[in-house]
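Structure record follows, encoded as structure tokens.
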Amino acid sequence: MPMHELPYHQPDAHGHFGRYGGSFVAETLKPALDELLAAYADAQRDPAFRAEFEYDLKHYVGRPSPIYHAKRWSKLLGGAQIYLKREDLNHTGAHKVNNCIGQALLARRMGKPRVIAETGAGQHGVATATVAARYGMECCVYMGSEDIKRQAANVYRMKLLGATVVPVNSGSKTLKDALNEAMRDWVTNVGNTFYIIGTVAGPHPYPMLVRDFQTVIGTECLTQMPELAGRQPDAVIACVGGGSNAMGIFYSYIPKTDVRLIGVEAAGFGLATGKHAAPLTANSPVGVLHGNRTYLMQDENGQIIETHSISAGLDYPGVGPEHAWLKDSGRAEYVAVTDDEALAAFHALCRLEGIIPALESSHALAYAAKIAPSMSSDKLLLVNLSGRGDKDMHTVAEKSGIQF
Amino acid sequence: MSRIAKTFETLRGQGRKALIPFITAGDPDPDMTLPLMQALVEGGADIIELGVPFSDPMADGPTIQRASERALQHGMSLRGVLGIVSAFRRENGNTPVVLMGYANPIEAYGTDVFARDAQAAGVDGVLVVDYPPEECVEFSASLRDHDLDPIFLLAPTSTEQRYSEVAALGSGYLYYVSLKGVTGAGHLDFDEVARRIPVIREKVGMPVGVGFGIRDAASARRIAQVADAVVIGSRIIEEIENSPRDEGPARVRAFLREIRMALDSKSGRGFEEKP
Ligand SMILES: Cc1ncc(COP(=O)(O)O)c(C=O)c1O
């Protein structure tokens, strides 16, 4: 086997990625997770399941999403060529919908008429509400009351789609607390309810199955990059909140060891301020939250601390266990960019390419902008443009001192 | 013999059921925990479950969440909890104390160091809500090395296969979660509990306590007809929440006494009695 095609088999049968992952949940949920794992294994063996998933990705989501060469921006930066994987063009405006379709199909297969979800930016909530409408399921979305304020438009979208949005007032009133509340709902209604987790976190098998449903992103890139750019990229760059868009684009490239994989976390006000959401880059201690073991932002007593990012979708104290594993193994690198750097990239893409990116995705763009100038112009950077920025109008306007 | 085993043996000899109240350490503030524990003993507690507060108590309903938040606001930590247990032990050598909490504070403390310090403080058992048996093999061994009982949960959703896994790793007693839901919820299914407990007791070979959703003397007494122990949490925390700070212990004592009397009254007696 050539050196640049290393085999990769993660997680193990119990959902462990090395020392990370696992299923750290209260006993009531354990049988539900076992049931989910069995149903997923069964679905994977069923060509009809695969076919329906692919049909909906094509005809409902609009896949494959294109890759776009950001020529003007690359030229201005004066170095490597930047290519964008356009997940922002998906129905509902982000990569999240890929996973929601997969999980909703699983829910239907398991005979669960009700789906629940947690959401931060509202993108996963909107995607879940969308597929619930599409498949005729009852839908309940948990959202921190802080995030409800930041993402009012998405809250209304979810309601239009027929979902109930439940404000979560506990803890820091953000994504992590929404996840806690969704778990509580699931424990209570485990018989008829399917929990659609929005990222590659949570207890086994979620990190694995969310990754699998998002893998379509990278798989498409494998054929699109040679078609458009003549070869595979030198580096693949994606933002990391929980890590689903990053795993989705990384996964197919993991065996291709001459392609650098770079995950970009939110440095918020700066790593030194402590007000960030970058557990990998900051080398936070390893701990257990939301069903898995991973790097975790916490105080010396093991209490989870409040995070900060301008982008609600990255504002999370943990990170998917597979990223923890990829960091330790050295296969992927993790870096962080600040709110201000992300905003600068946001504006650059608007002005130079006519694309309004999500603030989450702007973190990946910002890192590309950071390294591109020092690279030669025949180098290729592939950035996952995980979503569009319409939902962020309020945040960006406020930053610029503009009131609607 | 461990303090927990001895407690159940004594009760069995007397034909009585164990009463296990739960409070969160540090709620409403750290100075009140010791007086509250003493009030629980005076009110008839056989074992005390002491909650270790955590910022993200995923398996708890609003009442225990609030208790956790109050405790954390007052700077309660796992180290602080162990300090409280040490102080309790200086005055009470008999009543077992079981710590109940989540994995992360224990991992941040260091699991082996925790087991050592917990033993030194006089802790008797440890229940980590988000350590199901498959994630708890090493930690259980570490607890046993320090003569601590690893306590596990079983739920209405648990398969019989899981009863055996718990039996292999746990000791002291088994905690049966009497409903699908979080702590403090109200929809207790007595018939389901009555059906399950004898099967579980036989499979796990230890006393079975039932908790989640027990709120008053009547429900405690019904549960005690089939279970070996009754666990009451949220209802006691409500009592603390609704009392002026200094009256908390007296109110908790009075509340628990009522439960104790119901458990010990004639019709609640006897391990073999069926409902
Ligand atoms: C557009 C977009 N990108 C990225 C993320 C971060 O999630 P993940 O790291 O799972 O891709 C979100 C989350 O809401 C999002 O909406």
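The values are calculated or read from the model by the stated rules, or taken from the named source; none is laboratory data. If you're wondering where the values come from, they're calculated on a predicted model, not measured in any experiment. Backbone-built Cβ (ideal geometry, glycine too); neighbour counts: all protein chains shown. Ligands, DNA and RNA are excluded from the accessible area calculation, which covers all protein heavy atoms including side chains. Shrake-Rupley method; radii C 1.70, N 1.55, O 1.52, S 1.80 Å.
Among the residues of region A:87-115, those that are part of a loop (DSSP other than H, G, I, E, B) and away from the ligand (no atom under 16 Å from the Cβ) comprise A:MET110, A:GLY111, A:LYS112, A:PRO113. Annotation for region B:169-177: no member residue is away from chain A (no Cβ under 11 Å) and within 29 Å of A:ASN192 (Cβ to Cβ).
Quick one: in region A:153-204, which of the residues that are at pLDDT below 95, on the phi < 0 side of the Ramachandran plot and of a type in the set (Lys, Arg) is surrounded by the most Cβ atoms within 10 Å (Cβ to Cβ)? In this case the residue turns out to be A:LYS176. A Cβ distance below 8 Å, combined with a sequence gap of six or more or placement on separate chains, defines the contacts here; from region B:225-237, residues that are outside any strand (DSSP E or B) reach residues that are open to solvent by 10 Å² or more (accessible area, probe 1.4 Å) and aromatic (Phe, Trp, Tyr) in the pairs B:ASP228/B:PHE271; B:GLY233/B:PHE22; B:GLY233/B:PHE212; B:ARG235/B:PHE255; B:ILE236/B:PHE22; B:ILE236/B:PHE255; B:ILE237/B:PHE22.
A:LYS327 meets all of the listed conditions (1) touching a strand residue (DSSP E or B) at 6+ places or on another chain (Cβ under 6 Å); (2) away from the ligand (no atom under 15 Å from the Cβ); (3) among the charged types (D, E, K, R); (4) in a helix (DSSP H, G or I) but one, namely (2).
Scanning for something modelled with pLDDT under 95, open to solvent by less than 30 Å² (accessible area, probe 1.4 Å) and hydroxyl-bearing (Ser, Thr, Tyr), does region B:241-258 turn up at least one residue? No: region B:241-258 contains no residue that is modelled with pLDDT under 95, open to solvent by less than 30 Å² (accessible area, probe 1.4 Å) and hydroxyl-bearing (Ser, Thr, Tyr). Limited to region A:96-118, what total is found for residues that are closer than 11 Å to A:VAL131 by Cβ, out of contact with any His (no Cβ under 8 Å at 6 or more places or on another chain) and open to solvent by 30 Å² or more (accessible area, probe 1.4 Å)? Qualifying residue count, region A:96-118: 1. Residues in region A:383-404 that are within 16 Å of the ligand (Cβ to nearest atom) and part of a helix (DSSP H, G or I): A:ASP390, A:LYS391, A:ASP392, A:MET393, A:HIS394, A:THR395, A:VAL396. Of the numbered criteria (1) away from the ligand (no atom under 16 Å from the Cβ); (2) in contact with a strand residue (DSSP E or B) (Cβ under 8 Å, 6 or more places away or on another chain), the one A:ILE249 fails is (1).
For region A:119-131, the criterion of being part of a helix (DSSP H, G or I), over 22 Å from A:ALA312 (Cα atoms) and under 17 Å from the mean Cα position of the chain (by Cα) is met by none of the residues.
Screening region A:132-167 for residues that are under 21 Å from A:ASP56 (Cβ atoms), under 21 Å from the mean Cα position of the chain (by Cα) and more than 14 Å from the ligand (Cβ to nearest atom) and picking the one that is farthest from the other protein chains (Cβ to nearest Cβ) gives A:ALA132.
Residues checked against (1) within 13 Å of the ligand (Cβ to nearest atom); (2) within 14 Å of chain B (Cβ to nearest Cβ):
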position: A:ASP185; (1), (2): no, yes
position: A:VAL190; (1), (2): no, yes
position: A:ILE197; (1), (2): yes, yes
position: A:MET208; (1), (2): no, no
position: A:PHE213; (1), (2): yes, no
position: A:THR223; (1), (2): no, no
position: A:ALA238; (1), (2): yes, no
position: A:ASN245; (1), (2): yes, no
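Screening A:VAL288 with (1) among the hydrophobic types (A, V, I, L, M, F, W, C); (2) within 12 Å of another protein chain (Cβ to nearest Cβ); (3) not in a strand (DSSP E or B) gives one miss only, at (3). Listed conditions (1) open to solvent by 10 Å² or more (accessible area, probe 1.4 Å); (2) assigned to a strand (DSSP E or B) are all met by B:GLY213, apart from (2).
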